[in-house]
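Any read-out appearing in this document is the output of simple, stated calculations on the displayed coordinates, not a laboratory observation. Because the structure is a prediction, the values reported are computed rather than measured. Glycine gets a Cβ as well: all are built from the backbone with ideal geometry, and neighbour counts include every protein chain shown.
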Amino acid sequence: MGLANLVPGVSGGTLILAVGLYDRFVGSIARVTRLKHARDDLKFLGLLGLSAVLSILLVSRYVVDFVQEDTWVAYSLFVGLSLGGVPALWREIPQPKVKEVVASLAGVGLLVALSFFSGESGLGADAWVLVIIGAVATSSMVLPGISGSYILILCGLYTTVVSRMGFDALIEDFGGSLEVLLPFGVGAVLGVAIVSNAMRSALERGPRITHAVLLGLLVGSVYGLWPFQASEHPFLVDDDQRAAVVELVNGESVTVVNERYDLHLTAEVAENLKQDHVGQTVDGIERMSRQYSYFSPTTTQIVSAIGLVLLGFLFTSRLSRREEADGAQA
């Protein structure tokens with residue numbers, strides 16, 4: 001879940017829903033925030049939160065690089081992982097009525113509409129902005145299908161926040177990282193607490209209609225994960241190359257940039273990169289690095305993608321069945 005929240009287009013809430021832990025997750029958070037928790041709630045959230053934080057700190061960069069450099073492979077797997085939760089949710093609404101079908105379609109429509117949003121506008125990184133965006137973005141841990149990283153990109157704050165995560169960033173600039181992560185973290189706690197209580201209430205008052213909406217969100221979440229898409233600005237995908245472009249735009253010499261990032265840019269290439277991105281902010285260049293367009297896959301890619309989708313589907317569907325069996329025994 002921690003790693004999924006770092007990947008634009010993928011929601012941590014989707015994966016926790018897919019493995020059959022969603023109701024328990026929102027219920028535990030709701031009880032903790034109301035100070036009505038049991039020991040099992042603290043144990044459950046503690047293990048879940050610790051593993052999520054450790055995954056972000058230790059391997060977040062590698063996962064993000066994997067998604068950026070091998071998009072069709074990663075997205076094929078994520079599609080399967082997400083769809084693997086459909087059978088479990090479908091079992092929550094046997095013989096759906098018209099209103100439940102409409103609720104599911106509304107959930108699908110919401111996620112499809114979200115995928116059409118443009119990330120061209122950005123916000124500042126003031127503390128109050130970070131608190132609000134932290135609350136909205138981390139709601140993706142509770143609202144399946146809504147990607148927190150995607151929200152950050154839409155707001156032009158993906159680089160600002162994600163670049164401060166990880167041990168390297170904390171060690172190199174602890175004070176600067178704290179200025180960003182502290183208000184963002186406050187907003188995150190508030191967002192998760194508020195949305196969890198709302199979802200818990202919805203699940204208690206209307207479990208079938210709520211699960212129908214969740215099913216729609218889960219299915220709709222895969223719309224923006226079409227595997228066969230490639231970066232429109234491949235040079236910007238690499239973190240070091242993207243940082244080099246930022247420095248060139250800000251007036252740094254090509255010699256210094258080459259030495260700092262171990263590149264071999266010629267003066268002509270450096271000038272072209274500078275002209276292509278002149279006037280762009282750091283977050284603007286970040287957004288450009290995540291602009292993709294569709295391409296025609298080869299037969300091998302199609303077969304491989306189908307295999308990865310099936311692999312992801314089997315993984316989460318088996319996990320969700322196991323979770324249901326454990327819950328029944330308990």
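With each pseudo-label sitting 7 Å past Cα toward Cβ, what's the LEU50-SER296 distance in nm, one decimal?
5.3
Percent relative contact order of region 1-112, based on C-alpha pairs within less than 8 angstrom and at least six residues apart?
Rounded, it is 33 percent for region 1-112.
Between VAL59 and ILE171, what length in nm is gained on full extension when 0.36 nm per residue of separation is reduced by their alpha carbon distance?
Contour length minus the Cα-Cα distance gives 38.7 nm.
Stretch ASP40-LYS99 to full length: gain in nm at 0.36 nm per residue minus the Cα-Cα span?
17.7 nm
Find the centroid of the Cα atoms in region 167-218 and in region 232-247, then give the distance between the two in whole Å.
Cα centres, region 167-218 to region 232-247: 30 Å.
Going by average Cβ density within 10 Å per residue, which order do the peptides 303-310, 265-272, 285-292 take, highest to lowest?
285-292, 303-310, 265-272
Mind sorting SER231, SER51 by how few other Cβ atoms lie within 10 Å of their own Cβ, fewest first?
Listed from fewest to most nearby Cβ atoms, that is SER51, SER231.
For TYR292, enumerate residues with amide H under 5 Å from its amide H, sequence gap 5+ or separate chain, H modeled in the peptide plane.
Here the answer is GLU232, since their amide H atoms fall under 5 Å of that of TYR292.
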